[in-house]
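Have a look at the structure below, then the notes.
No lab work stands behind these numbers, since they all come straight from the coordinates. Keep in mind that what you see is a predicted model, and the values were worked out from it rather than measured. Quick reminder, even Gly has a Cβ in these numbers, built from the backbone with ideal geometry, and neighbours come from all protein chains shown.
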Amino acid sequence: MKDTSKMTMDELRAYRVGLCRDAVAFRKPDRTPHMSFYITWPVTDAGYKLSEALHNWDIMEDAIVQHQQKYNFDVIQCLGTRNPCKISEALGSQRYKINDEAGIISVQDSAPFAHEDLRRLADDPVRAQWEIMMPHKFPLFRPGVGVEPFNQALHEQREFFSYVGRINRRMTTEFGVPAASDGTLGFASPGVEALFGFMRGIKGFAYDMRKDPELVKAAADALDRMTLDPCFDLIEKAPEGPNEAVCFDFMLLSLAH
């Protein structure tokens with residue numbers, strides 16, 4: 001096993017990428033790569049409440065930095081970016097439930113689309129999301145509401161992007177932690193995932209599958225054409241061979257299996 005204590009950050013990143021790529025290619029790596037898939041534990045382990053870190057990017061940054069300093073992971077899947085509460089809260093959404101005592105954040109099962117809306121979603125997914133989902137999901141997304149909630153949501157979005165850039169730079173330059181996957185190829189969320197997680201919820205999706213599975217497929221296919229196909233197009237146009245700067249070629253969300 002190589003001694004990494006004298007490696008530069010660039011050498012350490014390359015070494016860690018090699019560990020991960022060897023492992024997924026069924027080649028024996030120099031040692032087992034260690035990956036953090038933790039979401040809430042870095043916050044509570046650093047002594048913070050979830051409600052604090054999820055509403056203050058400086059606190060979240062400190063929690064993630066402590067996480068890496070303490071455990072020295074080869075790659076971190078989530079850098080505290082999973083639940084940007086303040087963006088949705090700016091438009092009146094309270095879908096997240098934070099339990100500081102238990103150290104748990106839950107997402108309420110919700111169905112901004114009705115079963116009957118799936119046909120409109122299949123016919124025009126972009127328009128259906130703006131006209132049906134957004135007003136149901138966000139109480140302040142209504143006619144007559146002033147621009148201030150939207151300005152605040154955009155402000156929170158910029159703060160979120162600023163944090164994402166900052167924490168990624170710190171992990172790269174200070175700790176030699178490589179990116180998990182190639183962000184230039186997009187983040188693929190299949191249409192069936194959007195239906196299950198964001199549009200119909202667990203209960204509604206189960207109902208749809210029993211009531212009219214062909215309509216579910218039509219809606220999922222329409223969403224795929226909007227979100228999944230562009231990612232595949234980027235992959236097909238990418239240079240042949242792996243991106244040696246990242247651990248894995250592509251990220252695919254899969255919860256509705």
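Between L252 and D109, full extension at 0.36 nm per residue minus the direct alpha carbon distance yields a gain of 49.3 nm. About its Cα centre, the range 28-83 has a charge dipole of approximately 260 debye under the convention of +1 per Lys or Arg Cβ and -1 per Asp or Glu Cβ, with nothing else charged.
Rounded to a whole number, what is D in µm²/s for the range 11-54 from Stokes-Einstein with the Kirkwood radius over alpha-carbon pairs (4 °C, 1.567 mPa s)? The Stokes-Einstein estimate is 103 µm²/s. Working note: 222 nm ellipticity from helices only, DSSP H runs with n ≥ 4, each -39,500 (n - 2.57), summed and divided by the residues of the chain, gives -15000 deg cm²/dmol to the nearest 500.
Kindly flag which residue pairs out of K137/K203; K6/K28; K97/K137 have an alpha-carbon separation exceeding 21 Å in this structure. Correct reply: K6/K28. Once the Cβ-Cβ distance of M7 and D221 is raised to the sixth power relative to R0 = 45 Å, the FRET efficiency obtained is 0.40.
Annotation for the range 90-141: GluC sites (Glu not before Pro) lying in DSSP loop with at most 13 further Cβ atoms inside 10 Å of their Cβ are E101. Take every Cα pair under 8 Å whose residues are at least 6 apart in sequence, average their separation, divide by the length of the chain, and the relative contact order is 25 percent. Here is the size of the range 93-243 from its Cα atoms: Rg then Dmax, 18.7, 53 Å.
By the Cβ distance rule (another cysteine Cβ under 4.7 Å), the unpaired cysteines of the chain are C78, C85, C231. Residues whose amide H lies under 5 Å from that of V75, counting only those 5 or more places away or on a different chain, are H34, S36; hydrogens are built 1.01 Å from N in the peptide plane.
Among the listed values [x] 39, 18, 17; [y] 35, 25, 17; [z] 29, 27, 17, the one computed from these coordinates for semi-axes √(5λ) of the Cα gyration tensor in Å is [y]. Expressed as a fraction of 2.2 N^0.38 Å, the C-alpha radius of gyration for the range 1-140 is 1.44. Note on the range 1-119: with charges restricted to the Cβ of Lys and Arg (+1) and Asp and Glu (-1), its dipole about the Cα centre is near 520 debye.
Using the Cβ-Cβ distance between R170 and E236 with R0 = 25 Å, the FRET efficiency computed as 1/(1 + (r/R0)^6) comes to roughly 0.15. Taking 15 Å as the cut-off, no amide N atom of the range 216-257 comes nearer than this to a point 7 Å along the Cα-to-beta-carbon line of Q157.
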